[in-house]
1. Name every residue in the range 228-263 that is buried (at least 20 other Cβ atoms within 10 Å of the Cβ) and among the hydroxyl-bearing types (S, T, Y), in order of residue number.
2. Which of (1) buried (at least 16 other Cβ atoms within 10 Å of the Cβ); (2) in contact with a Leu (Cβ under 8 Å, 6 or more places away or on another chain) does Q155 not meet, given it meets every other one?
3. Which is in contact (Cβ under 8 Å) with a residue 60 or more places away in the chain and either touching a strand residue (DSSP E or B) at 6+ places or on another chain (Cβ under 8 Å) or hydroxyl-bearing (S, T, Y) (or both), of Q360, Q372?
4. Please give the number of the condition S172 fails out of (1) in contact with a helix residue (DSSP H, G or I) (Cβ under 9 Å, 6 or more places away or on another chain); (2) not in a loop (DSSP other than H, G, I, E, B).
5. Quick one: P338 ticks every box in (1) in contact (Cβ under 8 Å) with a residue 60 or more places away in the chain; (2) in a helix (DSSP H, G or I) except a single one, so which number is it?
6. Scan the range 349-376 for residues that are in a loop (DSSP other than H, G, I, E, B), over 20 Å from A219 (Cα atoms), in contact with an Asp or Glu (Cβ under 9 Å, 6 or more places away or on another chain) and not polar (S, T, N, Q) and jot them down.
7. Can you name the number of the only condition in (1) farther than 27 Å from W371 by Cα; (2) in contact with a Pro (Cβ under 8 Å, 6 or more places away or on another chain) that F250 fails?
8. Do we have K354 as surrounded by fewer than 19 Cβ atoms within 10 Å (Cβ to Cβ), over 36 Å from the mean Cα position of the chain (by Cα) and of a type in the set (K, R) here?
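The values are calculated or read from the model by the stated rules, or taken from the named source; none is laboratory data. Remember, predicted model here, so these are calculated numbers, not experimental data. Virtual Cβ from ideal backbone geometry, glycine too; neighbours counted across all protein chains shown.
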Amino acid sequence: MNDWFLYGVLALLPIAAFSGYRLGRKQRKEQQSSNGSLSSNYIKGLNYLLNEQADKAVDTFIDLLTVDTDTVETHLALGNLFRKRGEVDRAIRLHQNLIARPQLKTEDRNTALYQLGLDYNAVGMYDRAVSLFNELLSDPEHKSESLHQLLNIYQLTKDWDQAAKIAEQLQSSLGEEQSKPLAHFYCELAEQKQIEGDTKAALANLKKALSINPDSVRASILQGDIYLQQSNFKQAIKAYQRILKQDIAFLPEALPKIAEAYNAQNDLKGYKQFLNESLQHDAGVSLLIELSKIIQKEKGDKAAALLIGEYLQDKPSLKGLHRLISLHIEHAQESAKPSLQLLDGIVEKLLQRKPRYECQNCGFHTKAIYWQCPSCKEWSSVKPIKGIEGE
């Protein structure tokens, strides 16, 4: 039997004994029979414990605890212990037993209701948990924590409409800043509407997301994508270019679609100008590589390699090095080509293995972008990695 759990069971013994003692004092006329019953159950519980029947032992000792003002905290502590150990069915039974007591004070009942909501949440009984947390919104002592629990459940179940409503309550009634998650909730709603074919509603949700958080890169990308699908290339470019001021680190995410929008208008000059202006604001090596492809077509491999080389002197980058090597391979002497190709392959493998994004909150690394960190569940915390291994 787990030693930690054994200590928890042993801790119940004096509590159960004390509870029986108090019960005996309250019921002096039945003292003899009560003590006999207590003694019998107490010994029964000890036998279960000695025979390593921990489940039966715990049940027996819990039965010895009377529910009154002095033992409510003990019941709540036990329920919390059971839930943390994964014995949620016991926690539920214990909390339900508490709530059923008519003599329980309102504040103790509400605490038990909250704990029961946590129990239901732990086993995925979200409807019941939501019902309890909604009931507790009228209790000032539990309003804030109940709202947060509701927000977590609605995010987990992807009920973005309800999540937005709860976040708005947290912001308006409790003064908690929720602009970042709120904007993402409306982006999620926009994606749902777009899948359903309701482009108008999708754009309306994105407009609301940007009004709540003008720095929402995700809203700008989604807006640009919709305009691009509609062949509204000017509006698409306008939406994508907003990323320059919102968070330039994400510009490479939209780069292929920005190129598509400019190419659809046969505006190579405008695209080249956009790349140059972005690089002046340290947009990252991906934009430099894209510019080098244009220079390569216009002036040849040497000019493109010169552009990359000058950039790498100040800002070393594996991606830039990979591009530079590929430009030199074609013009290298035959004796040097195998070495360059080997080096090129090594750099390519390094790039394939390295993560592209990192959570600024918990350090989680990933090759794919997540608007909500899968590890710490923070919104807008996953950013592109910059430096020699990134942009």
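1. Y240, Y262
2. Going through (1) buried (at least 16 other Cβ atoms within 10 Å of the Cβ); (2) in contact with a Leu (Cβ under 8 Å, 6 or more places away or on another chain) one by one, Q155 breaks only (2).
3. Details: Q360 fails: in contact (Cβ under 8 Å) with a residue 60 or more places away in the chain.
Of Q360, Q372, the one residue that is in contact (Cβ under 8 Å) with a residue 60 or more places away in the chain and either touching a strand residue (DSSP E or B) at 6+ places or on another chain (Cβ under 8 Å) or hydroxyl-bearing (S, T, Y) (or both) is Q372.
4. (1)
5. (1)
6. Across the range 349-376, the qualifying residues are K354, P355, R356, C362, F364.
7. (1)
8. So K354 does not fit the description; no.
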